[in-house]
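Chemist: Shown below is the structure under consideration.
The values are calculated or read from the model by the stated rules, or taken from the named source; none is laboratory data. Just so it is clear, the structure is predicted and the values come from calculations on it, not from any experiment. Counting neighbours? That spans all protein chains shown, and the Cβs are built from the backbone with ideal geometry, glycine included. Calculation scope for accessible area: heavy atoms of the full protein, side chains included, ligands and nucleic acids excluded. Shrake-Rupley method; radii C 1.70, N 1.55, O 1.52, S 1.80 Å.
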Amino acid sequence: MGARHGLRRGHAASACPFIAFAAAAAVLLALPGLAAGDTHYYTFNVRMTNVTRLCVTKSIPTVNGQFPGPKLTAREGDRLVVKVHNHINYNVSFHWHGVRQLRNGWADGPSYITQCPIQGGQSYVYDFTVTGQRGTLWWHAHFSWLRVHLYGPLVILPKRAEGYPFPRPYKEVPILFGEWFNADTEAVINQALQTGGGPNVSDAYTFNGLPGPTYNCSARDTYNLKVKPGRTYMLRLINSALNDELFFGIANHTLTVVEADASYVKPFTVQTLVISPGQAMNVLLTTAPSPASPAYAMAISPYTNTQGTFDNTTAAAVLEYAPMPAAAARSLPLPALPLYNDTGAVTNFSRNFRSLASAQYPAAVPLAVDRHLLFTVGLGTDPCPSNQTCQGPNGTKFAASINNNSFFRPRTALLEAHYQRRYGGVLLANFPTTPPRPFNYTGTPPNTTFVQHGTRVVPLKFNTSVELVLQGTSIQGAESHPLHLHGYNFFVVGQGFGNFDPVNDPPKYNLADPVERNTISVPTAGWVALRFLADNPGN
């Protein structure tokens, strides 16, 4: 499970051996008219490329020289073979975010968990089949902060005979929300890990890599979505930002949400939506038959309750019915987005999500539960090393933790250790399934905030049905925590504010049509209950 906070130990070289796989020459196939069951070959050349934003030119890692990276397209049931050549001085790996990787954890990408990273000058082949999924997902680097620049859309079309459970849109458009840092992002995270403070925030948000006219020197770096009147477009929205949950809206237009994390949902219409880091969302936009203006502004802005600094800016793009000068985009009225700390708006939006729960797309939520897990999620602290000044609370270092355990990167990849049955010195099967010290999680924090470090797991038997309650904490301030479960979808059966009540909250669960997702945000000073079936060994 991946947490938002990147405050973890371990960017030093590892003894983890590199495993290279040979493959036939990779060719980028033409993708229109794909047949179900096809194999699609891609080549990723990871190189440093000079890119200019906000009048700052810097060298960033890119895939095939593109920022954001190339779109991958397949149909449900297709096989993807992606050969990665690493030409940069950083280690790198890639995660196919949301792909279930059934019995194929080797292709999932987390460095030191399911694979050793790809070292500079080396290559690696990711080979996986998309099974039982269709919709919008994405890919990104899974090493340090490289995913600030290394990311792109992964579009999974339905099988040919199926189509969508809603009228087919006139056009489909991927829109990736991201961030731009004028500074070297690896230097930013390394400084945070060294000092123990929060990392410096981004300088701008972006639409498909472009910041837009609300930022200095960026009027010409504006994403324009050209549309025709009276047509329906499907926007494949992806939040590829590191840490920021984002509000999104289009002035004088409404959006109909039809999918979340590559799972169809009962359609609902909103003027503003919120999307967490790692989440994907398909929305239908029906353009005006007779627009009153040649263009309208689209905008994203942050949602956060953090007590620290954050990028409190708004990025804009243009919905263009007719051509207009670049300078004119500055004067377009922005959509009315909620305030940055409007938890009520986020809660009201989140409550709309329901699975289709139809015969063709059932909500296969486990009704009986074999294992109950309660994980507290939040920030703790580490003592400051001697002879060092730290920038965390009271001179300590921030540390993200679950049940007071903060991940320590192993020197052997966990999946490799499991495969070779070499657990000793790599991992312990004693991760606490409940908080070691119960307290009022959303109230007054305990006096001691130091965390434990380790590489620990909760072993699950195959086909175990699991209920996982993620409980937010207020130890270093209550805030929302986006988390992602690798190799699985899960059903969101309940959520609320305050402390989870194991007696009174479960009877209120939605077990009829809960939304199915792979990424969720633990509500600020609240909890969320998830259910899934542990049917994917190695993930």
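Chemist: Is it true that some residue in the range 433-456 is within 23 Å of residue 107 (Cα to Cα), in a loop (DSSP other than H, G, I, E, B) and modelled with pLDDT of 90 or more?
Modeler: Checked the range 433-456: at least one residue is within 23 Å of residue 107 (Cα to Cα), in a loop (DSSP other than H, G, I, E, B) and modelled with pLDDT of 90 or more.
Yes or no, residue by residue, for (1) at pLDDT below 95; (2) hydroxyl-bearing (Ser, Thr, Tyr); (3) touching a strand residue (DSSP E or B) at 6+ places or on another chain (Cβ under 6 Å):
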residue: 138; (1), (2), (3): no, no, yes
residue: 141; (1), (2), (3): no, no, yes
residue: 155; (1), (2), (3): no, no, yes
residue: 158; (1), (2), (3): no, no, no
residue: 161; (1), (2), (3): yes, no, no
residue: 166; (1), (2), (3): no, no, yes
residue: 170; (1), (2), (3): no, yes, yes
residue: 181; (1), (2), (3): no, no, no
residue: 195; (1), (2), (3): yes, yes, no
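Chemist: What's the number of the condition residue 93 fails, among (1) in contact (Cβ under 8 Å) with a residue 60 or more places away in the chain; (2) under 22 Å from residue 279 (Cα atoms)?
Modeler: The number of the failed condition is (1).
Chemist: Still on this structure, I have one more. Go through the range 252-288 and give me each residue that's small (Gly, Ala, Ser) and either in a strand (DSSP E or B) or open to solvent by less than 10 Å² (accessible area, probe 1.4 Å) (or both).
Modeler: Of everything in the range 252-288, those that are small (Gly, Ala, Ser) and either in a strand (DSSP E or B) or open to solvent by less than 10 Å² (accessible area, probe 1.4 Å) (or both) turn out to be 260, 262, 263, 276, 278, 280.
Chemist: Which members of the range 439-465 meet the condition of being touching a residue at least 40 places away in the same chain (Cβ under 8 Å) and farther than 27 Å from residue 305 by Cβ?
Modeler: Within the range 439-465, 454, 455, 456, 457, 458, 460, 461, 462, 463, 464, 465 meet the criteria.
Each row is one residue, and each column tells you yes or no for (1) open to solvent by 70 Å² or more (accessible area, probe 1.4 Å); (2) not in a loop (DSSP other than H, G, I, E, B).
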| position | (1), (2) |
| --- | --- |
| 308 | no, no |
| 312 | yes, no |
| 317 | no, yes |
| 335 | no, no |
| 346 | no, yes |
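Chemist: Looking only at the range 210-241, count every residue that is part of a loop (DSSP other than H, G, I, E, B), crowded, with 20+ Cβ neighbours inside 10 Å and not hydroxyl-bearing (Ser, Thr, Tyr) and tell me the total.
Modeler: 6
Chemist: Okay, moving on. I'm checking my understanding of the structure. Among residues of the range 351-363 that are in contact with a Ser or Thr (Cβ under 8 Å, 6 or more places away or on another chain) and closer than 10 Å to residue 515 by Cα, which one is least open to solvent (accessible area, probe 1.4 Å)?
Modeler: Here the answer is 355.
Chemist: If you don't mind, there's one more thing I want to ask. Among the numbered criteria (1) under 22 Å from residue 536 (Cβ atoms); (2) free of Cβ contacts under 8 Å to residues at least 40 places away in the same chain; (3) open to solvent by 20 Å² or more (accessible area, probe 1.4 Å), which single criterion is violated by residue 436?
Modeler: Here residue 436 meets the rest and fails (1).
Chemist: From the set of residues in the range 52-63 that are closer than 21 Å to residue 120 by Cα and over 22 Å from the mean Cα position of the chain (by Cα), which is surrounded by the fewest Cβ atoms within 10 Å (Cβ to Cβ)?
Modeler: Once the filter is applied, the top-ranked residue is 59.
Chemist: Run down 183, 187 and say which single residue is open to solvent by 40 Å² or more (accessible area, probe 1.4 Å), within 30 Å of residue 329 (Cα to Cα) and of a type in the set (Gly, Ala, Ser).
Modeler: Result: 183 is the single residue among 183, 187 that is open to solvent by 40 Å² or more (accessible area, probe 1.4 Å), within 30 Å of residue 329 (Cα to Cα) and of a type in the set (Gly, Ala, Ser).
Chemist: Taking the range 383-398, which residues are in contact (Cβ under 8 Å) with a residue 24 or more places away in the chain and closer than 17 Å to residue 477 by Cβ?
Modeler: Answer for the range 383-398, where residues must be in contact (Cβ under 8 Å) with a residue 24 or more places away in the chain and closer than 17 Å to residue 477 by Cβ: 391, 392, 393, 396, 397, 398.
Chemist: Just to check your reading of the model, which residue among 341, 394 is modelled with pLDDT under 95 and within 27 Å of residue 500 (Cβ to Cβ)?
Modeler: Step by step, each of 341, 394 is checked, and only 341 is modelled with pLDDT under 95 and within 27 Å of residue 500 (Cβ to Cβ).
Chemist: Okay, next question. If I ask for residues that are open to solvent by 20 Å² or more (accessible area, probe 1.4 Å), out of contact with any Phe, Trp or Tyr (no Cβ under 9 Å at 6 or more places or on another chain) and closer than 30 Å to residue 362 by Cβ, which ones from the range 473-500 would you list?
Modeler: Once the filter is applied, which keeps residues that are open to solvent by 20 Å² or more (accessible area, probe 1.4 Å), out of contact with any Phe, Trp or Tyr (no Cβ under 9 Å at 6 or more places or on another chain) and closer than 30 Å to residue 362 by Cβ, the range 473-500 yields only 486.
Chemist: If you don't mind, there's one more thing I want to ask. For the range 164-209, give me each residue that is over 17 Å from residue 245 (Cα atoms), hydrophobic (A, V, I, L, M, F, W, C) and not in a loop (DSSP other than H, G, I, E, B).
Modeler: Selection gives 173, 187, 188, 189, 192, 193.
Chemist: Could you tell me whether residue 503 is at pLDDT 95 or above, among the β-branched types (Val, Ile, Thr) and outside any strand (DSSP E or B)?
Modeler: Answer is yes for this residue.
Chemist: Which one of these does residue 536 not meet: (1) part of a loop (DSSP other than H, G, I, E, B); (2) open to solvent by 20 Å² or more (accessible area, probe 1.4 Å); (3) over 19 Å from residue 377 (Cβ atoms)?
Modeler: With (1) part of a loop (DSSP other than H, G, I, E, B); (2) open to solvent by 20 Å² or more (accessible area, probe 1.4 Å); (3) over 19 Å from residue 377 (Cβ atoms) applied to residue 536, the lone miss is (2).
Chemist: When both residues are 6+ apart or on different chains and their Cβ atoms are under 6 Å apart, which pairs have a first residue that lies in the range 356-376 and is under 23 Å from residue 469 (Cα atoms) and assigned to a loop (DSSP other than H, G, I, E, B), and a second that is among the small types (Gly, Ala, Ser) and open to solvent by 40 Å² or more (accessible area, probe 1.4 Å)?
Modeler: Every condition considered, the pairs that remain are 363/357.
Chemist: Output the number of residues of the range 373-391 satisfying the condition of being of a type outside the set (A, V, I, L, M, F, W, C), over 18 Å from residue 199 (Cα atoms) and surrounded by 14 or more Cβ atoms within 10 Å (Cβ to Cβ).
Modeler: 1
Chemist: Could you pull out the residue among 173, 201, 155, 148 that is open to solvent by less than 30 Å² (accessible area, probe 1.4 Å) and within 16 Å of residue 277 (Cα to Cα)?
Modeler: 148
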